[in-house]
Structure formats: structure tokens, C-alpha cells
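J.: The structure that follows is given in the form of C-alpha cells.
The values are calculated or read from the model by the stated rules, or taken from the named source; none is laboratory data. Note that the coordinates shown come from a computational prediction; the quantities given were computed from them, not determined experimentally. Methodologically, a virtual Cβ is constructed for each residue, glycine included, from the backbone with ideal geometry; neighbour enumeration extends over all protein chains shown. Side chains are part of the model used for accessible areas, which takes the heavy atoms of the whole protein and leaves out ligands, DNA and RNA. Shrake-Rupley method; radii C 1.70, N 1.55, O 1.52, S 1.80 Å.
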Amino acid sequence: HKQGRTAEALQRLQDAIKVDGRNPLARFERAAVLEGTGRLAEALQELATLRDLLPREASVHFKIGRVCRRLNQVDQAVQAFSRALALNPSAADASVIKSAIEKIQTGEGDDDDEMS
């Protein structure tokens, strides 16, 4: 049953965070599980903590932008995507980030974008 596995995954990730509150991978994975199950406010809270731990990690800002976009927090989403772009202007990631910003500006809600 998928819900049971999700709950188990969240518990294991939470346990890892309790052992090491500065474990960025456990926090990133927990945010991803929360986002995937539609628990967007909790995902955003986890990502905010992660952003405080890794303020220069573009993928964290990108994921914050995705969650904000899904929550219809347009200004915050654009700000987070712009920060991700400033931190990681590599060609591949830049096109994904710019596409995400364009989707906000055109009102598209597609969430297929993912940074490499």
C-alpha cells in the first residue's frame, strides 16, 4: 500500500533528521516526499530549513520555486527561481529555470521541469 510506504519513508527520514539535524540529503528527500504527496506547506517548511543550511544550493531554491508555484505564491516562486538561476547559470539548468519562470508568466501549471 503506497500510503503506508510513504508514511514509513517520512518516518525514516524524520529519524535521520533527528540523528543529524543538519543532514541535507534527508531534508531534501523528505521535502520531495511531502511535495509528492501534496503536503506542500510542510514541504515548503522543510525546504526553508534546508535553504538556511545550504543558502547557495541552486536545487533547493529551484524546488522552493516549484512548491511556491503549486501553492500559487507567484512572487515567491519567481524570486526562488531567479535565485536558483543566479546561483547556477549553467546552460542546462538555466533553460529549465527560465522555462519554469515563463510558465508562471504565461499561467501554465505544468510541473514537469526538473533541474539536473
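J.: How large, in percent, is the carbon and sulfur part of the accessible surface of the chain at a probe radius of 1.4 Å?
T.: Working: 3290 of 6720 Å².
So the carbon and sulfur contribution to the accessible surface is 49 percent.
J.: Shape call for segment 49-102 from the C-alpha gyration tensor, a ≥ b ≥ c root eigenvalues: rounded (a/c under 1.5), prolate (a/b greater than b/c) or oblate? If you can, show how the numbers build up before the last one.
T.: Values: a/c = 2.16, a/b = 1.03, b/c = 2.09.
Oblate.
J.: Based on the mean of other Cβ atoms within 10 Å per residue, sort peptides 8-16, 77-85, 96-104 so the most packed one is first. Show your work: numbers first, answer last.
T.: Working: 8-16: 14.0, 77-85: 21.2, 96-104: 18.1.
Ranking, from highest mean packing down: 77-85, 96-104, 8-16.
J.: Could you give the length gained by full extension between Ser95 and Ala32, i.e. 0.36 nm per residue of separation minus their alpha carbon distance, to one decimal place? Walk me through the numbers on the way to the answer.
T.: Working: separation 63, 0.36 × 63 = 22.68 nm, distance 2.17 nm.
Computed gain between Ser95 and Ala32 is 20.5 nm.
J.: For a test of the definition: using alpha carbon positions, the gyration tensor, and the 1.5 limit on a/c, classify segment 30-75 as rounded, prolate or oblate. Before the final figure, lay out each step's value.
T.: On the way: a/c = 1.99, a/b = 1.28, b/c = 1.56.
Cα axes put segment 30-75 in the oblate bin.
J.: With every protein chain kept in place and ligands, DNA and RNA left out, what is the accessible area per residue of segment 1-56? Probe 1.4 Å, answer in Å².
T.: Numbers: 3630 Å² over 56 residues.
Ligands and nucleic acids excluded, the figure is 65 Å² per residue.
J.: Of the listed peptides 41-47, 60-66, what is their order by residue-averaged count of other C-beta atoms within 10 Å, with the highest listed first?
T.: On the way: 41-47: 20.1, 60-66: 25.3.
Packing proxy ranking, top to bottom: 60-66, 41-47.
J.: Explain nothing, just the number: dipole magnitude of the chain about its Cα centre with +1 on each Lys and Arg Cβ and -1 on each Asp and Glu Cβ, in debye rounded to the nearest 20. Each step should come with its number before you reach the end.
T.: On the way: 17 positive and 18 negative charges, 61 e Å.
Here the size comes out at about 300 debye.
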